[in-house]
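A.B. asks: Quick one: the structure is below, questions incoming.
The values are calculated or read from the model by the stated rules, or taken from the named source; none is laboratory data. All figures in this text were calculated on a predicted structure; none of them were measured in a lab. Neighbour counts are summed over all protein chains in view; Cβ atoms, including those assigned to glycine, are modelled from backbone coordinates with ideal geometry. Each accessible area value is taken on the protein alone, full model and side chains, heavy atoms only, with ligands, DNA and RNA left out. Shrake-Rupley method; radii C 1.70, N 1.55, O 1.52, S 1.80 Å.
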Amino acid sequence: MKKTNVRWTVVALIFFATTVNYIDRQVIGLLKPYIQDDLGWTEADYGYIVTAFQVAYGIGMLVCGRMLDWLGSKIGYSIAIIVWSLGAVLHAFARTVTGFGAARAVLGLGEAGNFPAAVKVIAEWFPKRDRAFATGVFNSGTTIGAVIAPIIVTAITLEWGWRWAFIITGLLGFIWVVVWWLMYKSPEQHPKVSAKELAYIKSADDKQEADDIPQGRTVTWRELFSHRQTYAILFSRFVTDWVWWFFLFWTPDFLNKTQGVDLKATVLPLIVIYTMSSIGGIYGGHVSSQFIRLGRSIDFARKTTILLFALLVLPLNAVPYIDNMWIVVLIIGLATSTHQAWASNIFTIVSDVYPKQVVGSMTGISSVGGAVGGALASTFVGLILEWTGSYATIFMIASTMYLLAWLTLRLFVPIRQIKFESK
């Protein structure tokens with residue numbers, strides 16, 4: 001069926017929300033050298049501040065996922081973005097490590113709602129055969145945000161100072177909420193969705209698919225944790241999400257310390273890195289969807305795509321030993337594109353395995369694994385840099401994480417719909 005404007009307008013809305021999400025979270029990484037000089041942070045201080053974000057992000061995932069399944073996508077998404085936008089602005093008024101940690105915690109608590117909400121919206125608007133590609137499109141907002149952020153943040157900082165960079169970027173989310181509230185409706189309530197399109201949205205990819213939980217049936221967290229798929233997906237996020245956070249929060253500092261690149265000169269390398277990752281995210285979803293359209297099972301499509309892209313991150317191990325900045329940039333860009341291809345598929349696996357009525361909760365639960373891994377890794381990275389002054393150990397570990405995640409999924413996650421029968 002031809003892609004209609006309604007469904008892809010919805011994707012555009014969550015794409016822009018994800019873009020704002022990543023602009024707001026990346027500001028501190030870009031401004032680290034400025035703030036460090038201004039306020040006298042140590043490497044460990046910065047690690048603790050990033051950890052505060054990750055801990056709050058993990059807590060927020062549990063809260064936001066359940067909130068979204070309870071309040072629905074429209075209200076839940078709005079609340080999440082209001083909270084994170086407030087947190088972004090609060091950075092401008094912080095003066096101490098504790099103050100920045102508190103602002104990061106508010107930001108993390110709100111930003112946790114973006115991906116459970118986005119994945120839930122995709123599950124509501126797309127059949128499974130199209131979800132990986134649609135997820136890749138909205139998830140490319142992470143990399144577009146990462147591309148735009150250096151340009152916006154650099155211009156604002158050089159003109160008005162680093163505090164204004166937090167204020168101006170933080171206000172973007174409030175604008176988005178107004179647009180979302182005016183435009184968004186569910187497929188069943190949207191006046192421009194025809195009966196034919198609605199039937200396509202609700203169509204199944206195989207006869208055994210049971211996408212709905214019996215009416216009045218509530219699925220508890222205990223029931224979700226009774227399935228091994230929950231633990232495996234959570235662990236996969238635990239060992240991989242921190243790598244993306246590392247790229248996001250430490251790449252400007254890495255380029256500055258190893259290649260002598262200052263804030264202004266960092267803009268172009270970061271644009272290249274995150275443009276590559278955007279392409280990887282969309283293409284990762286496309287490859288998976290194409291396997292399904294060629295007649296392969298959903299299980300084969302998701303896992304094979306993840307394996308293919310996991311192999312592409314292995315060259316990351318060589319980065320600390322390369323003197324040429326552009327070779328370093330291209331290898332990091334390849335690794336970030338791998339992560340986005342992985343993300344397009346792991347988010348979709350959640351909606352493949354769990355009924356859409358609990359996709360918000362399950363995305364939140366799985367994301368806790370990523371947040372905990374990110375929190376531990378942020379402190380670990382900060383301390384390793386403090387002790388050794390070298391990124392070599394960090395890149396070595398990061399280069400193998402996606403293969404470990406693929407092996408976990410291969411062994412423990414049969415990708416088929418879990419059925420929750422009536423009690």
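A.B. asks: From the residues MET183, THR96, GLY136, which one has its Cα farthest along the dipole of the stretch 86-240 in the positive direction, the dipole being from +1 and -1 charges on Cβ of Lys/Arg and Asp/Glu about the Cα centre?
C.D. replies: About the Cα centre, the residue reaching furthest to the positive side is THR96.
A.B. asks: Once you've got the Cα coordinates, tell me which of LYS74/LYS192; LYS192/LYS419; LYS74/LYS303; LYS120/LYS196; LYS128/LYS202; LYS128/LYS356 are over 20 Å apart.
C.D. replies: Working: LYS74/LYS192 17 Å; LYS192/LYS419 32 Å; LYS74/LYS303 32 Å; LYS120/LYS196 22 Å; LYS128/LYS202 9 Å; LYS128/LYS356 11 Å.
Cα-Cα > 20 Å for LYS192/LYS419; LYS74/LYS303; LYS120/LYS196; rest within.
A.B. asks: Label SER226 and SER297 with points 7 Å out from Cα along Cα→Cβ: what is the distance between them in nm?
C.D. replies: Roughly 2.4 nm, to one decimal.
A.B. asks: Quick one: compute the contact order of the chain, relative version, from alpha carbon pairs under 8 angstrom and 6+ residues apart, as a percent. Don't skip to the answer; put the middle values down first.
C.D. replies: Values: 742 pairs, mean separation 119.7, N = 423.
So the answer I get is 28 percent.
A.B. asks: Same structure, new question: Normalised by the residues of the stretch 69-130, what does the relative contact order come to in percent, with Cα pairs under 8 Å and at least six apart?
C.D. replies: 41 percent
A.B. asks: Next up: If you roll a 1.4 Å probe over the heavy atoms of the protein chains, what accessible area per residue do you get for the stretch 231-297, in Å²? Let's see the in-between values first.
C.D. replies: On the way: 2510 Å² over 67 residues.
With all protein chains present, the stretch 231-297 gives 38 Å² per residue.
A.B. asks: I've got another one for you. Out of the stretch 290-387, which trypsin sites (Lys or Arg not before Pro) are coil in DSSP terms and have no more than 14 other C-beta atoms within 10 Å?
C.D. replies: Working: sites: ARG293, ARG296, ARG302, LYS303, LYS356; in loops: ARG296.
Loop-located and lightly packed - ARG296.
A.B. asks: Taking only Cα atoms and a 10 Å spring cutoff, compute GNM fluctuations for the chain and point out the largest among ALA12, ALA134, ALA56.
C.D. replies: Ranking ALA12, ALA134, ALA56 by mean-square fluctuation puts ALA12 first.
A.B. asks: Oh, and also: When a/c reaches 1.5 or more, the comparison of a/b and b/c decides; with that in mind, is the stretch 286-423 rounded, prolate or oblate per its Cα gyration tensor? Could the numbers behind the result be given before it?
C.D. replies: On the way: a/c = 3.03, a/b = 1.65, b/c = 1.84.
Note, shape of the stretch 286-423 comes out oblate.
A.B. asks: Over what distance in Å are the Cα centres of the stretch 347-381 and the stretch 239-269 separated?
C.D. replies: With the stretch 347-381 and the stretch 239-269 each reduced to a Cα centre, they are spaced 24 Å.
A.B. asks: In a Gaussian network model over the chain where Cα atoms closer than 10 Å are linked, find which of VAL328, VAL147, VAL179 has the largest mean-square fluctuation.
C.D. replies: Highest fluctuation of the listed residues: VAL179.
A.B. asks: Return the carbon/sulfur percentage of the accessible area of the chain, one whole number, probe 1.4 Å, all protein chains in place. All intermediate terms of the calculation are to be shown ahead of the outcome.
C.D. replies: Numbers: 10780 of 16320 Å².
In the chain, the share of accessible area belonging to carbon and sulfur is 66 percent.
A.B. asks: From the Cα gyration tensor of the stretch 71-124, with a ≥ b ≥ c the square roots of its eigenvalues, which class applies: rounded if a/c is under 1.5, or else prolate if a/b is larger than b/c, or else oblate? Provide the component values of the computation, followed by the final result.
C.D. replies: Details: a/c = 4.30, a/b = 2.95, b/c = 1.46.
Verdict is prolate for the stretch 71-124.
A.B. asks: Scan the stretch 120-200 for trypsin sites (Lys or Arg not before Pro) in coil per DSSP, keeping those whose Cβ has at most 11 other Cβ atoms within 10 Å, and list them by number.
C.D. replies: On the way: sites: LYS120, LYS128, ARG129, ARG131, ARG163, LYS185, LYS192, LYS196; in loops: LYS185, LYS192.
Those satisfying the criteria are LYS192.
A.B. asks: Within the chain, what's the longest stretch lacking GluC sites (Glu not before Pro) that sit in DSSP loops with no more than 10 other Cβ atoms inside 10 Å? Show your work: numbers first, answer last.
C.D. replies: Working: sites that count: GLU188, GLU421.
In the chain, the maximal stretch lacking such sites is 189-420.
A.B. asks: Now for a different question. Of VAL239, VAL267, VAL178, which has the largest mean-square fluctuation in a 10 Å C-alpha GNM of the chain?
C.D. replies: Residue with maximal mean-square fluctuation among VAL239, VAL267, VAL178: VAL178.
A.B. asks: For n ≥ 4 DSSP H runs only, could you compute -39500 (n - 2.57) per run for the chain, divide by its residues and tell me the 222 nm figure to the nearest 500? Present the calculation step by step, with values, prior to reporting the outcome.
C.D. replies: On the way: 16 runs with 330 residues, N = 423.
Calculated at 222 nm, the ellipticity per residue is -27000 deg cm²/dmol.
A.B. asks: Using heavy-atom solvent-accessible surface (probe 1.4 Å) with all chains present, what is the largest-first order of PHE347, PHE174? Numbers along the way, then the final one.
C.D. replies: Working: PHE347 15, PHE174 75 Å².
These residues rank, largest area first, as PHE174, PHE347.
A.B. asks: What angle, in degrees between 0 and 90 and rounded to the nearest 10, separates the Cα long axis of helix 73-90 from the longest principal axis of the Cα atoms of the chain?
C.D. replies: 10 degrees
A.B. asks: Sticking with this structure for a sec: Give the calculated FRET efficiency between GLU188 and ALA155 to the nearest 0.05, with a Förster radius of 25 Å applied to their Cβ-Cβ distance.
C.D. replies: Working: r = 43 Å, r/R0 = 1.74.
With R0 = 25 Å, the Cβ-Cβ based efficiency is 0.05.
A.B. asks: On full extension of the chain, what length is gained from MET396 through LYS257, given 0.36 nm per residue of separation minus the C-alpha to C-alpha distance? Spell out each step's value before the answer.
C.D. replies: Values: separation 139, 0.36 × 139 = 50.04 nm, distance 1.82 nm.
That pair, MET396 and LYS257, stretches by 48.2 nm at full extension.
A.B. asks: Per residue, how much accessible area does the stretch 82-143 have with a 1.4 Å probe, in Å²?
C.D. replies: Working: 1370 Å² over 62 residues.
So the stretch 82-143 comes to 22 Å² accessible per residue, rounded to a whole number.
A.B. asks: Quick one: putting +1 on the C-beta of Lys and Arg, -1 on the C-beta of Asp and Glu, what dipole do you get for the chain around its Cα centre, in Debye to the nearest 20? Intermediate results must be reported in sequence, preceding the final value.
C.D. replies: Numbers: 34 positive and 26 negative charges, 286 e Å.
Once rounded to the nearest 20, the dipole reads 1380 debye.
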